[in-house]
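Each remark here refers to the structure printed beneath this line.
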Amino acid sequence: MADEFDLIVIGGGPGGYVAAIRAAQLGSRVAVVEKRSTLGGTCLIEGCIPSKALLDSSEYFALAHHEFAKHGILMDSPKLDLAKMMKRKDDLIMRLTRGVASLFKKHQIELFRGTGRLAAHAKTSTTVIVEGDTGEQRLQGEKILLATGSVPVEIPGISFDTTGIGHARHALEYQQVPDHLLVIGGGYIGLELGSVWKRLGAKVTVVEMLDDLLPNTDREVATTLLKSLEKQGLDIHSGTKVTAVEESSDGLRVRLEGKSDLAVDCDQILVAAGRKPCTEGLGLEQLGIALDDSGRIVVDENYATSRSGVYAIGDLIHGPMLAHKAMDEAVVCVERLAGTSPEVNYNLIPGIVYTMPEVAAVGATEEQLKQQGTAYQSGKFPFMASGRAKALGETEGFVKVLAAAKSGRLLGVHILGPRASELIAEAVSLMACEASVEDVALIMHPHPTLSEAFKEASLACIGSAIHA
Ligand code: FAD
């Protein structure tokens, strides 16, 4: 006889664990199946959190090297204790994953360790089979939520089994600073991890097949960021393809073709060429669960798949692969199952690149507005003119506001600069309330703060900027 639950979630990442907690809060008996030994998924274990921990640590290291003296702080050249930096990151992951486990306990969510797959039981009910260390277990769920996330894409001929070739998880765990790290892929993961190892002393080369790095980012922001990263010493080759990787006694030789035709010798390769939904072995075919052309699970507005009673969220379905998207979908999916009808606003998913300076954006880019033929006004404010940015010593970048020509309604906000990742939340909130640039201009912003740059850029949109 199988254990019976109202909801069985497969995958304990930000999508899965948030869905489980919310469903338990709403009174459901919930089980989560997770194949890793800890909860938190890609985000906590090999994504958002460890990458930000190393970005922060390496930023302090770079500041100590290059910026402290400007503040009158004199010290001998700082030295790197990489093992300690990695331990700090690992401790942080451990504390956060334990935090999720304790939330499970508090909400009486049953955790099954093992690999889950679907098995048709009857037309209307679905069984989950959990393959664990001690054998197979069968769980019966009235509803099943798939939240198995995504895995890195492997490039043919560049195998993760080769010494020195790996994906993000490997680059978050290097035991020594590479002499020369070659990053394949100029998306946010490649640029963030490339920045970490550059700051810690590696030579870093980034190769991107497309002509534009960060293709979905406002072009003015992306090109300004790239110039800044090149100034920091990253060697960036866009419009260039890796055609072969050969092992040699000294490491790896990478052949590049395209705008840059050359051979590069390196000791580590980070493949950051995208991620694909983790659907293998889930038993989707047997249950007739439809996938789209990119292998994502097709869902309707309730996150229901083509099999009755089976739902999917997060990296498995359409949209950007981001933790905050997965978490919001989790709550909306579970609340809809409980009979209410909240919605995820897919037009307002903020996107962030945690480089130095940071990029943060929400809404339409200038290129998208032009393509759509939308009449718009734009206003910009440089951090160079911000008192707080000057005090911080971080004056690179700007805030760019795009608003509807007639109504002034905010259509897009793009920030390149210090703490952009925090500043963007104000823009997301105001855009969710359908605010206009005039509204922003009337809201008092504390002085001196970086947030004033958003107000000034909004004022610039209506020709009333005070400080620029
Ligand atoms: P996941 O987090 O991938 O969780 C899926 C879980 O399912 C995993 O724990 C997996 O072990 C488990 N699983 C898979 N198959 C099975 C099975 N058959 N049975 C049982 N368990 C299974 N996003 C951001 O928003 N901000 C960031 O700063 C950010 N940085 C990132 C940095 C890196 C280096 C990477 C790789 C990703 C980053 N992301 C970031 C993306 C983010 O991690 C994902 O979008 C997010 O984790 C997706 O959540 P999810 O719940 O859909 O899937």
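Every number here is computed from the coordinates shown, using simple stated rules; none is lab data. In this text the structure is predicted, and so the values were computed from the model without any measurement. Backbone-built Cβ (ideal geometry, glycine too); neighbour counts: all protein chains shown.
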Query raised in the report: Residue by residue through the range 405-422, which ³J(HN,Hα) values in whole Hz follow from phi under the Karplus form 6.51 cos²θ - 1.76 cosθ + 1.60 (θ = phi - 60°), with glycine and proline marked x?
Result: 4, 7, 7, x, 5, 5, 10, x, 10, 10, 10, 10, x, x, 6, 4, 4, 8
Query raised in the report: How do the peptides 12-19, 42-49, 55-62 rank, highest first, by the average count of neighbouring beta carbon atoms within 10 Å per residue?
Result: 12-19, 42-49, 55-62
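May I ask what percent, to the nearest 5, of DSSP beta bridges between residues of the range 200-271 are antiparallel?
Percentage antiparallel, nearest 5: 80.
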Report summary line: Residue-normalised 222 nm signal for the chain, counting each DSSP H run of n ≥ 4 as -39,500 (n - 2.57), nearest 500 deg cm²/dmol, is -9500 deg cm²/dmol
Query raised in the report: Got a sec to turn the phi values of the range 137-153 into Karplus ³J(HN,Hα) couplings, 6.51 cos²θ - 1.76 cosθ + 1.60 with θ = phi - 60°, whole Hz, x for Gly and Pro?
Result: 10, 10, 10, 10, x, 5, 10, 10, 10, 8, 9, 8, x, 9, 9, x, 7
Report task. Putting +1 on Lys and Arg Cβ atoms and -1 on Asp and Glu Cβ atoms, find which of LEU282, LEU262, TYR303 reaches farthest to the positive end of the dipole of the range 258-310. Result -> TYR303
Query raised in the report: How far is the Cα center of the range 217-241 from the Cα center of the range 47-91, in Å?
Result: 23
Requested in this report: Beta carbons within 10 angstrom, averaged per residue: use that to sort the peptides 78-88, 348-358, 276-286, highest first.
Outcome: 348-358, 276-286, 78-88
Query raised in the report: Given H placed 1.01 Å from N in the peptide plane, which residues other than close sequence neighbours of THR449 have an amide H under 5 Å from its amide H?
Result: ARG388
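Which percentage, to the nearest 5, of the DSSP beta bridges contained in the chain is antiparallel?
Values: 56 of 88 bridges.
Roughly 65 percent of the DSSP beta bridges within the chain come out antiparallel.
Charges at C-beta only: +1 for Lys and Arg, -1 for Asp and Glu. How large is the resulting dipole of the chain about its Cα centre, in Debye rounded to 20?
820
Could you order the peptides 101-112, 230-241 from most to least packed, using the average number of other C-beta atoms within 10 Å per residue?
On the way: 101-112: 15.1, 230-241: 16.7.
Per-residue mean Cβ counts within 10 Å order the peptides as 230-241, 101-112.
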Query raised in the report: Roughly how many whole Å is it from the C-alpha centroid of the range 272-323 to that of the range 381-419?
Result: 37
Report task. Quick one: of LYS87/LYS198; LYS52/LYS380; LYS35/LYS89; LYS79/LYS231; LYS52/LYS79, which pairs are farther than 25 Å apart, Cα to Cα? Result -> LYS52/LYS380
Requested in this report: Compute the separation of the alpha-carbon centres of the range 1-26 and the range 143-165 and state it in Å as a whole number.
Outcome: 24
Query raised in the report: So for the chain, taking the charge dipole from beta-carbon charges (+1 Lys/Arg, -1 Asp/Glu), which of ALA405, VAL331, LEU252 sits furthest toward the positive end?
Result: VAL331
Report task. Could you pull out every residue, at least 5 positions away or on a different chain, whose amide H is within less than 5 Å of the one on THR126? Hs are placed 1.01 Å off N in the peptide plane, and Pro or chain starts have none. Result -> GLY141
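Run the dipole for the range 355-468 about the Cα centre, Lys and Arg Cβ at +1, Asp and Glu Cβ at -1, nothing else charged, and hand back the magnitude in debye, nearest 20.
Details: 9 positive and 12 negative charges, 39 e Å.
Using only the charged Cβ atoms, the result is roughly 180 debye.
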Report summary line: Non-local residues with an amide H under 5 Å from the amide H of SER306, with H modelled 1.01 Å from N and Pro and chain starts lacking one, are ALA290
Report summary line: Here FRET efficiency (C-beta to C-beta, GLU230 to LEU210, R₀ 25 Å, nearest 0.05) is 0.90
Requested in this report: Could you go through the range 182-197 in sequence order and give the Karplus-derived ³J(HN,Hα) for each residue, using 6.51 cos²θ - 1.76 cosθ + 1.60 with θ = phi - 60°, rounded to whole Hz, and x for Gly and Pro?
Outcome: 9, 9, 9, x, x, x, 5, 5, x, 6, 5, 6, x, 5, 3, 6
